[in-house]
Amino acid sequence: MSPAMAAGGGIGVVVMALVAMFLGADPGTIARILGQGRQPQVVQQTGPAVDDDAKEFISVVLRDTENVWTQLFRAHVRGGEYQPPKLVMFSGQVRSGCGPANAAVGPFYCPADQQVYIDPQFFDQLAQRHDAPGDFAQAYVIAHEVAHHVQYLLGYSDKVNQIRQRGNELESNRASVRLELQADYLAGVWAHHAQKDYSILEPGDIQEAINAANQIGDDTLQRQATGYVIPDRFTHGSSEQRMRWLSEGLRTGDINAMEELFTIDYDSL
């Protein structure tokens with residue numbers, strides 16, 4: 001067992017509780033929502049063709065996020081009408097409103113053009129390099145990037161950018177951690193409501209998402225890359241933190257609690 005897994009050992013009880021809570025109903029699949037709601041805006045930039053199965057899966061998850069966030073904005077955001085992001089699928093390299101990028105950066109959201117960028121080959125890396133296989137691990141990653149769009153619409157991205165402009169590296173890193181953990185929380189909120197409305201979860205799905213959050217924590221990635229961990233350089237949160245906040249979103253489904261990520265003491269995250 002890795003140190004990161006040992007530190008987050010208590011998460012197992014939370015996962016079992018989430019499984020029991022969500023899977024009391026007949027399990028369905030993500031594909032069950034195919035065809036429901038409006039069609040997501042999907043753009044494929046020039047380059048090698050994206051696999052049709054991958055394109056369909058990503059589009060289905062995106063459509064589900066649109067359905068859920070549209071409902072949540074109408075119910076909880078004053079005067080809020082959710083404007084979904086566009087999805088850009090690419091292979092290898094891409095040019096975004098935030099500048100050029102390649103597959104090495106992984107999926108990302110660009111607030112300058114309000115688009116989510118995904119190279120589907122990243123999911124092979126997620127399964128093979130980071131030991132986080134499974135459809136719902138992939139859905140969690142997509143939902144996390146869409147959550148950054150939600151943060152942009154609600155003003156949290158601007159709040160973090162203002163902190164970054166001060167030029168203090170530690171403050172900037174900590175603000176980034178808050179933003180990323182909030183996106184994990186919102187990905188959980190999405191999954192909570194998607195299960196409630198569409199019964200998308202199958203046995204093992206929650207564990208897949210929690211495992212993915214664990215495998216891409218800053219401490220885990222730093223340890224794999226260098227053999228040691230420097231918490232002040234975290235920009236996304238530790239494995240334990242990422243599992244905790246994803247699990248909390250899954251458990252509560254409460255969009256109104258997202259502010260807590262920016263109000264509680266940093267050491268309590």
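When segment 105-131 is filtered for residues that are of a type in the set (Ser, Thr, Tyr) and under 19 Å from Asn161 (Cα atoms), only Tyr109 remains. Of the strands (runs of 3 or more DSSP E) lying entirely inside segment 68-138, those containing at least 1 residues that are over 17 Å from the mean Cα position of the chain (by Cα) and either surrounded by 18 or more Cβ atoms within 10 Å (Cβ to Cβ) or on the phi > 0 side of the Ramachandran plot (or both) are 93-96, 99-102. Set side by side, the residues Ile210, Ile163, Ile206 differ, and just one is of a type outside the set (Gly, Ala, Ser), more than 13 Å from the chain's Cα centre (by Cα) and surrounded by 21 or more Cβ atoms within 10 Å (Cβ to Cβ), which is Ile206. Residues considered: Gln182, Gln162. Of these, the only one that is modelled with pLDDT of 95 or more, part of a helix (DSSP H, G or I), within 16 Å of Phe108 (Cα to Cα) and of a type outside the set (Phe, Trp, Tyr) is Gln182.
Taking the criterion of being surrounded by fewer than 19 Cβ atoms within 10 Å (Cβ to Cβ) and more than 16 Å from Asp254 (Cβ to Cβ), the residues of segment 175-198 that qualify are Ser176, Tyr198. Figure legend. Inter-residue proximity from segment 189-212: first residues without any contact (Cβ under 8 Å) to a residue 60 or more places away in the chain, second residues in a helix (DSSP H, G or I) and of a type in the set (A, V, I, L, M), beta-carbon distance below 6 Å, spacing 6+ or different chains. Indicated pairs: Ala191/Leu250. The number of residues in segment 139-159 being crowded, with 17+ Cβ neighbours inside 10 Å and charged (D, E, K, R) comes to 1. Can we say Glu240 is touching a residue at least 40 places away in the same chain (Cβ under 8 Å) and within 12 Å of the chain's Cα centre (by Cα)? Against the criterion (touching a residue at least 40 places away in the same chain (Cβ under 8 Å) and within 12 Å of the chain's Cα centre (by Cα)), Glu240 does not qualify.
The values are calculated or read from the model by the stated rules, or taken from the named source; none is laboratory data. Nothing here was measured: the structure is a model prediction, and the numbers come from that model. Cβ sites come from the backbone with ideal geometry, for glycine too, and all protein chains shown count toward neighbours.
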